[in-house]
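One structure below.
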Amino acid sequence: MQRTPVTVYDPTNRLPFPNNRIPASRVDSASRGLAELIPIPNFNVPIQNYQFITGVPQNGQNLSARFSRSITRKDRFSVNQTWRTQDGVSAQLFGFLDDSDSGGWSTDLSWTHNTTPRLIQTIRGRFTRNTSTQLPYFANRRNVAAELGINGASQDPINWGPPNLSFTNFGALRDGTPSSRRDLQINLNAGWNWVHKKHTIGFGGDIARNRLNVRTESNARGSFTFSGLATSAFDAQGTPVAASGYDYADFLLGLPQSSSIRFGSASNYYRSWNYNG
């Protein structure tokens, strides 16, 4: 919060607002609705007067199973299977709780064969699948931008919510970014170890197939930055005058200093082959 008194100027005529207050009739309708999402101070001090403390649960489960057996005197087979799941909540400054969950499994297969007393062959296969999802507080719940008549934002339910608001003197209004990721990896490798007295020579190779499916839109609801520039006074050189202008006043008038938005190409699918020898 601003530590020294400031004077708020009307951007239409560059004169101070009477009594340094913006008339209710001049408050932007979208700003009025967004202001309801910003909590009032809960500490009776002039700065750093809001505090939010909460517990955020984080849960995880892991399970592993292994099977190993000698098939013949020269052959041994083993399987290793693992599963995991995890979910949790992250808290934003103004009390919005975003959900996240992830999980995955992997299967390892291994066959070892003693070709000769000195030559050992090992063939392995590994299959891995991992998923993760980030779901913001407002996703699929409330289309704030549409309710307040803010045009241009994504209308996909996963992107519902208010635009991100940044201020110079106040904490930002925002929640998380939706994302979804699905990864699959298949790996096959073969190797041979030749043992002679004190020496061991190893050689082999592997091949891997990777699939990464990513869906995310980092700024689908738009972002607005308010600095107090619109309600500042300016000198003859066009430089803002000290102790004039206020970021929250700019917000109430619906006059951001900058804005940005990006959505429409959320999905990125990557495929690759990797070889090693």
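The values are calculated or read from the model by the stated rules, or taken from the named source; none is laboratory data. Predicted model, so just to flag it, every value in this text is computed and none were measured. All Cβ positions, glycine included, derive from the backbone under ideal geometry; neighbour counts span all protein chains shown. These area figures cover heavy atoms from the full protein model, side chains too; ligands, DNA and RNA do not enter into them. Shrake-Rupley method; radii C 1.70, N 1.55, O 1.52, S 1.80 Å.
Points worth noting:
- Most mobile listed residue (THR72, THR54, THR225) in the chain, GNM with C-alpha springs under 10 Å: THR72
- A straight line joining the Cα centroids of region 68-131 and region 169-199 runs 12 Å.
- Descending by average beta-carbon neighbour count within 10 Å, the peptides 214-224, 146-156 line up as 214-224, 146-156, the highest first.
- 1.4 Å probe accessible area per residue over region 202-277, in Å²: 56
- Phi angles of region 172-187 translate, via the Karplus equation with coefficients 6.51, -1.76, 1.60 and θ = phi - 60°, into HN-Hα couplings of 7, 9, 6, 10, x, 10, x, 7, 9, 9, 9, 10, 9, 10, 10, 10 Hz per residue; Gly and Pro are given as x.
- Positive contributions from Lys and Arg (+1) and negative ones from Asp and Glu (-1), summed over other residues with Cβ under 9 Å from the Cβ of THR231, come out at -3.
- Whole-number accessible area per residue in Å² for region 1-147, which is evaluated in the context of all protein chains at 1.4 Å: 67
- Computed on region 154-262, with alpha-carbon pairs under 8 angstrom and 6+ residues apart, the relative contact order is 27 percent.
- Accessible surface of region 166-225 [probe 1.4 Å, protein heavy atoms]: carbon and sulfur percent: 55
- Carbon/sulfur fraction of accessible area - region 101-147, other protein chains in place, 1.4 Å, %: 52
- With θ taken as phi - 60° and the Karplus curve 6.51 cos²θ - 1.76 cosθ + 1.60 applied, the whole-hertz 3J(HN,Hα) list for region 102-117 is 8, x, x, 8, 9, 10, 10, 10, 9, 10, 10, 10, 7, 5, 9, x Hz, x standing for glycine and proline.
- Accessible area, probe 1.4 Å, largest first, for residues ASP99, ASP247: ASP99, ASP247
- For the peptides 158-171, 248-261, 112-125, residues were scored by their other Cβ atoms within 10 Å and the scores averaged per peptide; the highest-first order is 158-171, 248-261, 112-125.
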